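Everything on this sheet refers to the single structure shown next.
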Amino acid sequence: MSLSSPSGFFTSSLKHALGWARKFSIFQYPFVTACCGMEYMATNCAHYDQDRFGAGFPRFSPRQSDVLFVVGTISHKMAPVLKTVYDQMCEPKWVVAFGVCTCTGGFYDNYATVMGIDTIIPVDIYIPGCPPRPENVLDGLMKLQDKIQRGEQSRTLYDPHTKKGRPAELQGSYTIENHIKHIESH
Amino acid sequence: MLMTPLQKLQEQFSSQITETHAFRGDETAVIRPEALKAVAQFLKETPELDFNFLMDLSAVDYLFFAGGRIQKPFRFEVVYHFYSLKHNYRIRIKVPVDEKQAEVDSLCDLWASANWYEREVWDMFGIKFKGHPNLKRILMYEEFQGHPLRKDYPYNKRQPLIGPTY
C-alpha cells in the first residue's frame, strides 16, 4: 500500500478491502466428475468444515459463483462443457484444479482423458493427490485466498509442446513409457 | 439326469457349435455367426431355459494376442452373457467375427438391453450389428475417428474437441 499520494492511498486500500471481502466469501462452483468428489464432500462437511474459510456455500450456477472447483477426471467429451461453464462465470473468477487428474491427467495417458485442465482453461491453484487429503485441500484454499487478496488471477494456458505454463513440480507426469521403464528397471 | 442349458443347446445346434467348455459351471459355447439369431431365440423362447436377461454383451480384439504368439483365424469375438431369472441358469455365447466383414446380427428385438451394449461395442471396436435401430456412438463423440479399444489404435492418440492436440 502506498501512503504517499492521496489517490494511491484510496485505490490501494479499496483493492485491499475488496480482496479481503472476496477471499472470505468464496462462492464455489463444484464441477465434480469423479471419485475426488467424495474427498471434496468430506472437506465441505462438518469435520473439516470449509465454511470456516468463508467457502461453505456451493452454487450450482456458474453465473453466481466466483471459484470453479474442477474435481475429478475431465474427458475430451466433457472438455467443451467445462469450457462453457468457465466462460459463463462472471469476473473476477478463479479456478482450482482438485486432484491430480485435473492437474496433469494423473495416471491416465489414453485416448479419453484431458492431460490437465490447464490446457483448456487457466488454473490458479493446483491441488494434486489421488485424492488429496482434506488438509491438502484446505492448504490449497488458503493459498487461493492469498492469491485473491493480492488481486491476482491466472490468465495463461499450459502449452504441452513448449511445457510452459504449469508449475515445475507437476512436470514430468505419468506416461506409459515411463511406467514400463520403471517396471523394467526393477 | 437333468440336462444343463449347454447340453440342451448342443443337442439342438450340434452343427453350429464349434467349441464348448464348462469349467465349474461357466458354460460357454462358441457358435458360427450365422446361427446367432437362431441360438439367441432358442435360449430366450424355450420355456425350460427362459434366458430372459442379457447380462452383458462385449467384444475381444485378438490382434497381437499373447504378444502375437497366438494367431486366431478371426480377429474379434463378440461375447454374450445370458441369465435366466426363472431357473438361475447362466450361459456364455461367443461369436467369432472377421476383421474385413465385422458384422453380426443385432439382438435388439429379443432383448431391448442389447441396444446400448451393441452401440458400445460398435463405438469401441467398430463391429457392426445388422438390424440395429440406432447404431451410433454412445461413449465417444461423433467427431472421434476410429475405434479406441481396437488393439491397433494407438493407446494415447488423442482427438480433442477443444484445446491443443498433443
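No value in this document is a laboratory result; all are computed from the given coordinates. As the structure is a computational prediction, the values presented were derived from the model and not from experiment. When we count neighbours, we look across all protein chains shown, and the Cβ atoms used for this are built from the backbone with ideal geometry, even at glycine.
For the reader, a short list of remarks on this structure follows.
- Computed from the C-beta positions of A:V81 and A:E169 and an R0 of 25 Å, the FRET efficiency is 0.30 to the nearest 0.05.
- Extent of the range B:1-61 along its three principal axes (Cα atoms, max minus min coordinate, largest first): 38, 23, 23 Å.
- One quarter of the surface of the convex hull around the alpha-carbon atoms of the protein assembly as shown equals 25.4 nm², the direction-averaged projected area.
- Cross-link pairs beyond the 26 Å C-alpha cut-off, checked among B:K86/B:K136; B:K8/B:K94; A:K181/B:K157; A:K147/B:K157; A:K83/A:K163: B:K86/B:K136; A:K147/B:K157
- Chain A - share of DSSP beta bridges that are antiparallel (%, nearest 5): 10
- Spin-label pair A:Q149-B:D56: with each label point 7 Å from Cα along the Cα-Cβ axis, the two points sit 5.4 nm from one another.
- The amide H of A:W94, built 1.01 Å from its N in the peptide plane, has A:V67, A:L68 as neighbours under 5 Å, considering only residues 5 or more places off or on other chains.
- Both radii are taken from the alpha-carbon atoms of the range B:5-130; with Rh as the Kirkwood radius, Rg/Rh is 0.96.
- The range A:62-132 and the range A:38-56 have Cα centres separated by 19 Å.
- For the options A:H16, A:H47, A:H76, a Gaussian network treatment of chain A with springs between C-alpha atoms closer than 10 Å singles out A:H47 as fluctuating the most.
- Screening chain A for DSSP H helices whose Cα atoms reach 18 Å or more along their own axis and whose mean Kyte hydropathy is at least -1.0 gives A:6-23, A:134-150.
- Modelled FRET efficiency - R0 51 Å, B:D26 with A:A42, Cβ distances, 0.05 increments: 0.80
- When its C-alpha radius of gyration is set against 2.2 N^0.38 Å (N residues), the range A:47-109 gives a value of 1.23.
- Restricting attention to the protein assembly as shown, close to 55% of DSSP beta bridges with both partner residues there are antiparallel.
- Pairs of Cα atoms nearer than 8 Å and 6+ residues apart set the relative contact order; for chain A it is 20 percent.
- GNM top mover of A:P58, A:P160, A:P30 - chain A, alpha-carbon springs below 10 Å: A:P160
- A DSSP coil position with no more than 12 other Cβ atoms inside 10 Å describes the following chymotrypsin sites (Phe, Trp or Tyr not before Pro) in the range A:42-94: A:F60.
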